[in-house]
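See structure below.
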Amino acid sequence: VKISYVSAEGAIDVVDAEVGDSVMSAALRNGVSGIIGECGGNNSCATCHVWVREEFLDAVGTPGEIEADLIDMGVSEPRDCSRLGCQIVLEDKLDGLVVDLPPTQP
Ligand code: FES
């Protein structure tokens, strides 16, 4: 599945990811800057924060409880479309996903 990561400066990294990868792990493996993934995908560091483009919000779904708390407390600019990249597991229906990266991670 293809994912596009749009940096705060507007640069776009398009990555070919595997189903089962997460938005965080696919970014790290492909050298996308702007996602850190410090906790390794354990839903505890919030350094994989992304903003999901509106047209994909339904397909991506809403954050779980722990994730939502982390977003509220831990990211620099929480929005309704905020998700933690490690908690978005890629499936075929997410092909073409576009996420925006915040200017800073915690
Ligand atoms: Fe730490 Fe996502 S990688 S919360």
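Values in this text are rule-based calculations from the coordinates and carry no lab data. Here the structure is a predicted model, which means the values were calculated and not measured. All Cβ positions, glycine included, derive from the backbone under ideal geometry; neighbour counts span all protein chains shown.
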Filter result for the condition that a residue is surrounded by 13 or more Cβ atoms within 10 Å (Cβ to Cβ), under 21 Å from E38 (Cα atoms) and touching a strand residue (DSSP E or B) at 6+ places or on another chain (Cβ under 7 Å), over D95, D100:
D100
For residues that are more than 13 Å from N43 (Cα to Cα) and in contact (Cβ under 8 Å) with a residue 60 or more places away in the chain, tally how many sit in the range 55-106.
15
The range 36-52: number of residues that are of a type outside the set (S, T, N, Q) and either out of contact with any strand residue (DSSP E or B) (no Cβ under 7 Å at 6 or more places or on another chain) or more than 15 Å from V98 (Cα to Cα) (or both):
8
Out of the range 23-42, which residues are charged (D, E, K, R) and near the ligand (Cβ under 9 Å from one of its atoms)?
E38
Which listed residue is within 12 Å of the ligand (Cβ to nearest atom) and surrounded by fewer than 18 Cβ atoms within 10 Å (Cβ to Cβ), from G74, G20, G61
G74
